[in-house]
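The block underneath contains the structure these notes are about, expressed in structure tokens.
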Amino acid sequence: MFNVAIIGTGAIAPSHIKGYKEFSEECKISALCDLYPEKAKKTSEQFGLDVDVVQDYQELVYRDDIDLVSVCTPPYTHADIAIDFLNGGKHVIVEKPMASSLEECDAMNKAAEKNGKILSIIAQNRFRSPMMKLKHVLDTGLIGPVLHTQVDSFWWRGHSYYDLWWRGTWEKEGGGCTLNHAVHHIDIFQWMNGMPDEITAVFSNTAHDNAEVEDLSVTIGRYENGALAQITSSVVHHGEEQQLVFQGKKARVSSPWKLKASKSMENGFPEEDRDLEDKLQHVYDQQPDLEYEGHPGQILDVLKTLKGDGEVLVDGIQGRKTLELITAIYESSTFKRPVKLPLSPDSPFYTRAGVLEHAPHFYEKSKTIKNFTNNNITT
Ligand SMILES: NC(=O)c1ccc[n+]([C@@H]2O[C@H](COP(=O)([O-])OP(=O)(O)OC[C@H]3O[C@@H](n4cnc5c(N)ncnc54)[C@H](O)[C@@H]3O)[C@@H](O)[C@H]2O)c1
């Protein structure tokens, strides 16, 4: 039985609690921690938990009866909390984004390696049946080399979203929609398509004059073989129509799942390649559905690894790659120039101090509230 502590009991914590509760024969939530202990208490009552509630996570770092920790606090705290628990001999699951700088990611990965503990970064949308099936289809190579990828990370958040005390600042949120919303799609993009060699990006704040950070960014990634990717990150898109489209030389596949294959007629115009479409659809359909999706799916992945079965799908190296791409988007947008990957520690955005020194303030934060009364969110 693995004993679990959850640090931060705000909007995302219930997704972790529900996840752990799915596997109650294998794990038990033993402690909740929040800067506002009354929030942790309320959460424990809401979910009928029998747990210790603490205000300072340090009280839990060296407790022998805790094996695994979920870090559900704002991004600027992720590195310190994760490193302290890893050094305290615990396995750690960290909410996205992994941290607010690459320097912090490197320190987290070092701590995980030094202590021989699992570090897994939440990317719950990888753990969806259609996403796993799409990844499998891409891995077969049947669509040919990918020539163009379109990533539409379209979200919508109202003005008051940035009133929460830690949001809307480079210091505490670490960035805007590219870091905190598109992180989901950028993670899946780099998992499925690999890292580009060069990033050119533009960012802006179009509708949130109460936030320092961007609410819209448009990025072109270029691969060595000439393939291009376009990534739009936004919290100003009504309807939140999100998609990842992979245009291969022979066929196009996407999430949400859609498939088209063309072959050339004698005059170069397209005709449908039915054989290939049938083959690709068959590969997709052959893949089994996941038993658990989203946060429960990722928690199961960690529990299996704890029991010695394989390795976690989203470790700190994967989390860092996603952050590297986002960091390159910020660097390119800020300095209005293409940025080569991989980024070196000399990058002006490698450290949090560098981000704070260079990132533009589109606006200043104009209002700060401690908590919303309504904690319902969509993920
Ligand atoms: N995976 C997803 O789909 C998803 C969705 C929403 C949020 N998130 C991520 O989850 C994290 C938390 O976001 P949220 O929306 O739950 O925020 P939130 O503000 O609702 O909750 C965060 C909680 O952490 C507490 N806290 C802050 N610093 C702390 C500290 N040092 N020690 C203990 N408690 C502390 C706060 O009091 C608050 O209750 C962020 O990294 C966010 O990006 C992920």
Flag for SER100 being at pLDDT below 95 and closer than 28 Å to GLY221 by Cβ: yes
Positions within the range 241-265 being open to solvent by 60 Å² or more (accessible area, probe 1.4 Å) and either more than 21 Å from VAL183 (Cα to Cα) or charged (D, E, K, R) (or both), in sequence order: GLU241, GLN247, LYS249, LYS250, LYS258, LYS260, SER262, LYS263, SER264, MET265
The listed residue being out of contact with any Leu (no Cβ under 6 Å at 6 or more places or on another chain) and within 20 Å of GLU240 (Cα to Cα), out of THR178, THR206: THR178
Matching residues in the range 266-285 - criterion: being open to solvent by 30 Å² or more (accessible area, probe 1.4 Å) and closer than 18 Å to ARG126 by Cα: ASP285
Helices (runs of 4 or more DSSP H) (entirely within the range 27-136) containing at least 3 residues that are open to solvent by 10 Å² or more (accessible area, probe 1.4 Å) and more than 15 Å from the ligand (Cβ to nearest atom): 102-115
Enumeration of residues in the range 155-179 that are open to solvent by 10 Å² or more (accessible area, probe 1.4 Å) and either in contact with a helix residue (DSSP H, G or I) (Cβ under 9 Å, 6 or more places away or on another chain) or part of a loop (DSSP other than H, G, I, E, B) (or both): TRP155, ARG157, GLY158, TRP165, TRP166, ARG167, THR169, GLU171, LYS172
Close pairs from the range 19-44: first among the acidic types (Asp, Glu), partner away from the ligand (no atom under 15 Å from the Cβ), Cβ under 7 Å, at least 6 apart: GLU22/TYR292; GLU26/MET1; GLU26/PHE2; GLU26/LEU303
Pair list, Cβ < 8 Å and 6+ apart or interchain, from the range 161-180 residues that are hydroxyl-bearing (Ser, Thr, Tyr) to residues that are within 12 Å of the ligand (Cβ to nearest atom): TYR161/ARG167
Number of the condition not met by HIS16 [criteria: (1) open to solvent by 10 Å² or more (accessible area, probe 1.4 Å); (2) within 11 Å of the ligand (Cβ to nearest atom); (3) part of a helix (DSSP H, G or I)]: (1)
Subset of the range 137-175 that is among the small types (Gly, Ala, Ser) and within 12 Å of the ligand (Cβ to nearest atom) - its residue that is nearest to ASP278 (Cα to Cα): GLY175
Number of the exception - ASP209 against (1) under 15 Å from PRO75 (Cβ atoms); (2) at pLDDT 95 or above; (3) surrounded by fewer than 24 Cβ atoms within 10 Å (Cβ to Cβ): (1)
Selection count where residues are open to solvent by 40 Å² or more (accessible area, probe 1.4 Å), without any contact (Cβ under 8 Å) to a residue 24 or more places away in the chain and not aliphatic (A, V, I, L, M), scope the range 338-375: 5
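The values are calculated or read from the model by the stated rules, or taken from the named source; none is laboratory data. Keep in mind it's a predicted model, so treat the numbers as computed, not measured. Ideal geometry is used to build each Cβ from the backbone, glycine not excepted, and the neighbour counts take in all protein chains shown. What goes into the accessible areas is simple: the full protein's heavy atoms, side chains included, and nothing from ligands, DNA or RNA. Shrake-Rupley method; radii C 1.70, N 1.55, O 1.52, S 1.80 Å.
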